[in-house]
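Readers should treat all values here as calculations from the given coordinates under stated rules, not as data from a laboratory. Please read these numbers as outputs of a predicted model, since none were measured by experiment. Cβ placement follows ideal geometry from the backbone for every residue including glycine, while neighbour counts extend to all protein chains displayed.
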Amino acid sequence: MARRRREGSLVALLSGCNTASAPLRGRAVAGNRWIEAKLQRWGVLALVLPALLALSACSDDDGPAAPLAMSLGDAAHQIEGLLGKRARAVREDDLDLYLRTLGRGDVRAEQRMVFANLDQLPIERIDYRLVADSVVAEGERSYWGTVETVLRLDGYDVAPVRTQDRWRFTLGSHGRRLALSSTTDERWESEHGIGVQPWDVAPIHVEEAYDVLGIFDDSTVGDAEEVLAAVGDGRFDVATELPAGDTPADPPGTVVYVLADASATDGLTGTPVGAHERADGLTIAIPADSADPSRGIAGYRIALDPAVLDEDEVVLDRLIRHELTHAVLGDRGRGGPLWITEGLAEWVSVQRLAPAERRLPTDALGVGARATALPRAEDFAGPDAAAWYAVSWWVCEYIANTYGEDTLWTLLDRLVDGEDVDTVLDDTLGLTEEQLVQRGVAVMSSTYG
């Protein structure tokens, strides 16, 4: 019996299994005693080994055989631990720990990039959380789960930004441990919206100065110093034009993206402020929780088209002041008719310019001459958008010069609150919509005609 046990152990060793944990293989050996006899003849061992491997039901794990799949509950528990390690790795700048959370393949190169990007950001808080009851199996070795990323930029967000995406986790070759294998599920993302940041998409360069955080790429980082200085100056200029007491004593900093790939900001879960078709600049309100709008806005991001970097300093500075007006006004400037929100942003943007520097689009006078009503949202999205910006600006100029600047802010507040335009104009100005646009265009025409 002792000899037989030793031979049985040899069978287990050669097959890669422990006999106590492989009952199917044990029963096969017991039913085929000729195998033991063959094992005593070392000359024919090579003929027996393939049969032993075919009879084996174990994996290539060391020690006890592991199952090829696990319950959803066990998978969720493993994923939660994995996400905790990922967050700790980012916080502690531990690339080795970060890489140990990843599977093989393209995901490793992608996530090395993400880690390098995150390492440049001023992160106050970062966490990854598995959304409850979101784990589903894919085949026998992979599991999809909805992951919430919690990220707060130090000095730039008034609350952590919570976004969700769907990630896949796959068992390794030993069948014991899950690792992140994909962060892309196109169908789910198209149905739910995603929280992908520019630093999840491509390599970035992060520069910081003057309470401005700049996100650049290889093609734009050479202009970082100019952009940061312009935004820093613009923050001061805009604050001086807004009513006293309307800006906080210590406002959060400004995040600005200057990226050649415009699609890098497509995954942001925020809502564009104002006319989002504007090609050269865009302000985006970032919700504190992409799944719960009631949590409010965590911060604002400004995206600039790199093409404006080729414009002269006056044009760039004016564009930056326009976008900063949206960002600084925040909720106060969201939701009103575009003619007042965009007109005000244009009006603020030119206050620091001498009258001779306040350029007007060449077609603005012609479009204005035909105007019988204030511009609608579709006008700001059409071929004459630049002209309608100018018309809105000069309507605001007319109001400020005739009724006082305070009247501009009174109009804004009432219109953002959803009051009827005709009623507000009559109460505040004693004018109809047609009369207001015609008087604004008349001042514009007399200035530039």
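Observations on the model:
- Potential extension, ASP154-VAL131 segment - 0.36 nm per residue separation minus Cα distance: 5.8 nm
- ARG235, ARG141 arranged by Cβ crowding within 10 Å, fewest neighbours leading: ARG141, ARG235
- For the range 221-349, the share of DSSP beta bridges that are antiparallel, to the nearest 5, is 70%.
- Relative to the current alpha-carbon distance between ASP266 and THR423, full extension at 0.36 nm per residue lengthens the span by 52.7 nm.
- Exposure proxy ranking for PHE169, PHE380, PHE236, based on other Cβ atoms within 10 angstrom of each Cβ and starting from the fewest, stands as PHE236, PHE380, PHE169.
- As a proxy for reagent exposure, ranking GLU397, GLU342 by other Cβ atoms within 10 Å from fewest up yields GLU397, GLU342.
- Computed from label points 7 Å out along Cα-Cβ, the spacing between ALA291 and ALA109 is 3.3 nm.
- A Förster radius of 41 Å, combined with the Cβ-Cβ distance separating GLU191 from ASP250, puts the computed FRET efficiency at roughly 0.50.
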